[in-house]
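The values are calculated or read from the model by the stated rules, or taken from the named source; none is laboratory data. Bear in mind the structure is a predicted one, so any value in this text is a computation, not a measurement. For neighbour counting, all protein chains shown are included, and Cβ atoms are generated from backbone atoms with ideal geometry for every residue, glycine included. Calculation scope for accessible area: heavy atoms of the full protein, side chains included, ligands and nucleic acids excluded. Shrake-Rupley method; radii C 1.70, N 1.55, O 1.52, S 1.80 Å.
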Amino acid sequence: MKTLTILAPLDGWCATLDEVPDPVFAGRMLGEGLAIDPLSGEVRSPCDGLVTTVGASRHAVSIRSDAGPDVLVHVGIDTVKLAGRGFEAHVRAGQRVAAGDRLLSFDLDAVARMAPSLLTPVVATSPAGSLTIRPRAAGPVRAGAPLYDVELPAVTGPSTVAPVPVAAAERRALKVELRHGIHARPAAMLSQRLRAFASDVTVELRGRRASARSVVALMSLGVGAGEEVTLEAAGTDATAALDAFVAALADAVRVEAAGSGLAPPSADAPAPAPAADAGAGRGVTAVGGFAVGTVARLERREIEVTEAGRGAEAESAALRHALATVKARLTRVGEVGGAARREIVGAHVEFLEDPLLQDTAQELLAAGKSAGFAWRTAVRRAIAALRALADPRLRERADDLLDVEAHVLLALNGEARPMNLPLPDRAVLVADELLPSELVALDRTRLAAICLAAGGATSHVAILAAAMDVPMLVGLGARIRDLAEGTTVVVDADAGQIDSAPTVAELRAAERSVADRRRARDEQRRDAQQACHTLDGTRVEVFANVGSTADAVAAVANGAEGCGLLRTEFLFIDRATAPDEAEQLAAYQAIADALGGRPLVLRLMDVGGDKPLPYLPLPAEENPALGLRGIRTALAHRSLLRTQLRAALRVEPAGIVRLLVPMVTDVAELAAVRALVAELATELGRREPVAIGAMIETPASALLAPALAAAADFLSVGSNDLTQYTLAMDRGHPQLAGRADALHPAVLQLVGRAASAAAASGRLAAVCGGVAADAAAVPVLLGLGIRELSVVPAAVPAIKQRVRSLRLADCVALAADCLALESAALVRARIQALRPGSSP
């Protein structure tokens, strides 16, 4: 049998299509092939042939090989959304190329930061049917080296020539509402949907026609957003085939809208809102607050590295020296810094010693690469793996890896990253992104606010900014790059807005607001040390969510009455081995000591699924968020659970720790934990009762709340996951973040059911998710029956003040009104419409 050899189009690491984080490629909907994790930014032709398509975003090229099959090279995943940023095309459709000719070039680092994954599928397809390939083994590959052989079918032919329709063909006009037109993913969906039909379907645009069964042919038409095409079908099931194509296109529009948070255009949709003022920019609130200040830009230069090394031995020695230098310097800095800086240093030292990073770097050194190239490549692969995870906090740990990368690359050049960055007074820091070490290097007394073009609301930097009580906006986009150094701006992080051109009157009003807020905050902090009651005497406890000793110290200083959620997974992630009992006990005891005898609600390890551990053998899962995670993982690996429970039971004073079981979906899971606690308490000679609570973070647990409340000692609503699972929206998705609102009536009904079940069993119902710190949500939560709120430490004073301003009867009436509404927007409007003094 004849074969066609496909050459690697770029340097990188060869992988199977199964590893591509996109069901279209992983499911072979576009064809068979392999993927490459690129190490270079040049794409070369994988074969001789004719260029049939160059993506409008310059991220993909299709070639009709001289042997017949079409070959698609698609750089990265979802790169069509970059609209060409970072890409340059060197060929055009209709141009002949030879194997090895340059097709595309792209900015490797820039695209890596913007795209979910750099994995580049190289797939072959044929209109004659599926193809069989003989792939090379996974591992490093150089551009121009054989990637795989394609076994040529007996008959191949051009895929852009559609069969001539018969006289009785059915035709329809159809407008394409896809914002990026028909690119690879929708083309694959359309082609696959037609496989069940016998009729031939063609698509016509501007006099050119293509078979709808061919992905490459559809792409080669270059159908853009809003263009009208003509469909034609001929055969016994022509009408059904056209119906299927139209339905598939509608599905593709919905998939695109779900991926961006934008609804498809509709004739019934209201007219778009007027554009914001020229001086205003909108973003996502990471840390609330209000500030006036002057722009201070943070520009980070790109550190150049050479690819070729001077020999494996010399480069290995250079890397070892750089790693040791950075570790020693970070350790010294951590010893003289505050708690936040010490935590950052600890995390970064762990990365320096990470065996996976070091092993990957050593493989590249052995292949002749330089120390800088090997280290950067190892780090970028780890970043790609993190960004493929479902958990937003783990995805955003990529910032820490970029930080460590820079430290080491500078050390290789004989330089060091400054740990004290100068700022003017009342600085509003403006940058594309901000790394954790850059934030802790800033003088907090001079920092008024942070505004980032990119970034995430749950990133490590955002968590640090919240602990520092610095207002922060993220996702402002490229527009803020135009803000000049020294520009006076008003940052209203509560409203998600920055005004870069305030009038004199607006500036005076903003200055008064800042002063008023400062006075109010001082009063809040003073009053926060007292117990919290509503105006009519209802006791409401305000606790703090804690992830470290520093958080516990801040919680007490801000008036928290205890820790309502200790996230213990900080001990389990980013390491090669599990923490032993002694290490866990030391960590828990330090937090308990910082709390000074206040209650400590310790959530059992919430790992597995979307929070994988390198030392925990778990199967690969298609949907980690719905897989083996939380208590499911703990019960499946009881040795880890036993170790954690023993450490928790040994914390002094006895009885201070309450255990919280994550991701509970049935009573049997609680019973299993309770039995294990009883067994270990007997072993340790502990006679004090241990309270065990259930987290309500899935619709199942909320609906089962009466049974769970009877089996547990308390219930705690994890509003972040409960919202995500109820609304089927990823809370870490940048475009969906604004719609994943815990004040959605569907979520509120589940919270109310849990609170009612707790009250019926004489149990306490708490909320420990982000909605507890939302001042607008507090009266609704109290009205639903919640009697404990656990928030970030900095939010404790304001939430206590909010509770003290409310009457429970008004809260109950408000909650009842909100449950009858249809959307989160209407709930927020209902709360906003209330006049001060008349009701919440």
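Between Ser40 and Thr3, what FRET efficiency follows from the Cβ-Cβ distance if R0 is 22 Å, with the result rounded to 0.05?
0.25
Taking R0 as 30 Å, what's the FRET efficiency between Asp666 and Val812 from their Cβ-Cβ distance, rounded to 0.05?
Efficiency for this residue pair is about 0.45.
Return the FRET efficiency for the residue pair Leu676, Ala531: r is the Cβ-Cβ distance, R0 is 35 Å, and the value is rounded to the nearest 0.05.
Here the calculated transfer efficiency is 0.50.
Relative to the present Cα-Cα distance, how much length would full extension add between Glu485 and Val349 at 0.36 nm per residue of separation?
Full-extension gain reported as 45.6 nm.
What shape does region 17-106 have by the C-alpha gyration tensor, where a ≥ b ≥ c are the square roots of the eigenvalues, rounded means a/c under 1.5, and otherwise prolate means a/b greater than b/c and oblate the rest?
oblate
State, to one decimal in nm, how far the label point of Thr577 lies from the label point of Ala328, with both points 7 Å from Cα in the Cβ direction.
Distance between label points: 2.6 nm.
Give me the percent of accessible area attributable to carbon and sulfur for region 42-155, probe 1.4 angstrom.
50
Could I have the simple spin-label model distance between Glu415 and Arg96, label points 7 Å from Cα toward Cβ, reported in nm to one decimal?
With each label placed 7 Å out from Cα toward Cβ, I get 4.8 nm.
Determine the gain in length on full extension of the stretch Ser823-Ala636; use 0.36 nm per residue of separation and subtract their C-alpha separation, reporting nm with one decimal.
Full extension from Ser823 to Ala636 adds 63.4 nm.
Between Arg521 and Glu228, 0.36 nm times their residue separation minus their Cα-Cα distance comes to what?
That works out to 99.7 nm of additional length.
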